[in-house]
Amino acid sequence: MSRLKNLYKDLVGNHKHQWQRWRDSCKEFCDEVEEVRRRIQNGQGLNKNDEEFLDRLLRKQSNGIANSGQSVLSKNNFQAFISNNDFLSALSEFIVCPTKKSFEDFQEAWEKQRKKRGAKRTPLLVNRVAAACTRDVSTTADASKFEQVFNWLIREDIISSYPADQDQSWFAKNQFLLSKFKEEFQDELRNEGTDEFYLSMFVWGLYENLSNPFKLNKQVVKYGPPGTGKTYLARQQTESCFNNWKDEFAPENDNYKIETQREVVQFHPSFGYEDFMEGLRPILHNGEAQLTLQNGVFKEFCLRAGKWEVDVHKLGIDTDWEELTIGDLVPYKDKLRGLHWKHIFQFQDRSKHVAEAVPPFFFIIDEINRAELSRVFGELMYCLEYRGVEGCITTQYANLNDSETGMFRDENEGYKFFIPSNVYLVGTMNTIDRSVESFDLALRRRFRWEEITPDCEFLKYHLNEHEHHKKWAELADNLKNLNEKIGNEALLGADYQIGHAYLMDLRYSTSLAISEVRKQIWDDRIRPLLQEYLRGTGRSEDLIGTFRTAFGV
């Protein structure tokens, strides 16, 4: 899969439920423009009777295509615009035949009226008209924001360079970009895997992510009520992050797969430092049990992920890892002969940083708060804050390490350990779990915290996407009503809301009416859970009845 397609999957494809409402409103207004186009072609020109349509097209804050931002066309100026025959004529011509030439004529007519009225320039409003009249330009009507995306795509070599001697206008560059998108997604457009509206909005999705270009935070905890898809999201996001790296740096290298780059463990109360880092374990030797140092799952993972930094450290280069470029390492190529260096030296752009070219590794800890974390992490608290060789530490069993179990050996201090810069640590936790307190403040501040809440819009989208479940889509509204009640209940609160995953895998007979399915879900999945939450409160029976009504049973 190309890098562009992976970006689309990451930003739009995996989140269509978040884009669908905008996409539908955009299509609705574009269909209205199409009706006006046919009417004009039949000889019925624009006039004052079209005021409501023209108000949405030219002036309204939000018209289904894009918001007007800070651009404002006053009511009086709007009336003057649509009262001018030359302006209406230029607009009509653009609606009927939305080419670059007709757009320039429309821009000129707009400017003429604007200057006549002494109004401020509003290029965003003009561009927004273009996005409503043709699928050859994107809904990103703000020229400066579009330019950021356009330049980034070229700079990253995701699309080909735009000729310097070509028209540099917003309209022309949009035509160029959208043509590249449609060429890349021609199979998906033909098979209805996407459409021109989603591709148009993809530009805006790219803009929103430029400040954090498709990278996960190095240490993050996803928290929220049970059933909100925290682990699913962790897997989805890590795979997207890996695919974006692979498409850029190692598209032909089959040695790198998400399965080899990701480890998933689940913490539990008896999980300790020995399981996570290192410890003495009994092994049989000549029929006798002997205690031998063995690495834990996380240390073994870091040994695989850190071999690039270890190799560079041995070279003694006096350059910070994050600043080191591929070009800086070319003189040492003969000393870096391991297979793990092959894809890096094959990369053509020597100005790229080695830290970017090194493959990412993802360590997902499910139920991270169920273990005694200070014991599990031990002295790793320092490594979590200071990554790489510069943040190396001496572990509890350092003096027992050897070339098999150790990460690297310091001549003066023995074996050292560090968390590599390319390791992403992703934890998930349910906020109703009473062991949250095990996450002490010193550890908490070393992670970014992302709340994952029940997503009823996603549930509705999911049900509508399945032919036999469309008639049950109202369940999403029922869940929303129930969660509002739970969130407002003093005995429970937002942490006890019911996650949308409880209503995702519905294996009931498709012949059942929604009222029957609703009751089955209540009896099978929701009521038993709420009864456990309310056990011992003295109000279980009363509140269960209230919640039952809120769910619509």
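Please treat every number below as a calculation from the coordinates, not as lab data. Because the structure is predicted, anything quoted here is derived from the model rather than measured. Every residue, glycine among them, receives a Cβ derived from its backbone with ideal geometry; neighbour counts consider all protein chains shown.
Each of Y461, H500, Q520 was scored by the projection of its Cα onto the charge dipole of the stretch 456-551, and the greatest displacement toward the positive side belongs to Q520; charges sit on the C-beta of Lys, Arg, Asp and Glu. Taking a ≥ b ≥ c as the square roots of the eigenvalues of the Cα gyration tensor, the stretch 341-429 is classed as oblate, since a/c reaches at least 1.5 and a/b does not exceed b/c.
At what distance in angstrom do the alpha carbon centres of the stretch 239-314 and the stretch 480-553 lie from each other? The distance from the Cα centre of the stretch 239-314 to that of the stretch 480-553 comes to 41 Å. A straight line joining the Cα centroids of the stretch 333-406 and the stretch 154-185 runs 39 Å. Spin-label model, H285/V72: points 7 Å from Cα along the beta carbon direction are separated by 8.1 nm. Computed from backbone phi, the HN-Hα couplings of the stretch 369-374 come to 8, 8, 9, 7, 5, 5 Hz, rounded to whole numbers (Karplus: 6.51 cos²θ - 1.76 cosθ + 1.60, θ = phi - 60°; Gly and Pro given as x).
Against the chain, whose longest principal axis comes from its Cα atoms, helix 475-488 is set at around 60 degrees. Relative to the dominant Cα principal axis of the chain, helix 196-208 is inclined by about 60°. Here the relative contact order of the chain, from alpha carbon pairs under 8 Å that lie six or more residues apart, stands at 14 percent. For D542 and R444, the FRET efficiency from 1/(1 + (r/R0)^6), where r spans their Cβ atoms and R0 equals 30 Å, is about 0.25.
Give, as ranges by residue number, the residues of the stretch 360-388 whose backbone N falls under 15 Å from the point 7 Å along Cα→Cβ of V310. Output list for this probe position: 388. Between the helical axis of 143-155 and the longest alpha-carbon principal axis of the chain there is an angle of about 50 degrees.
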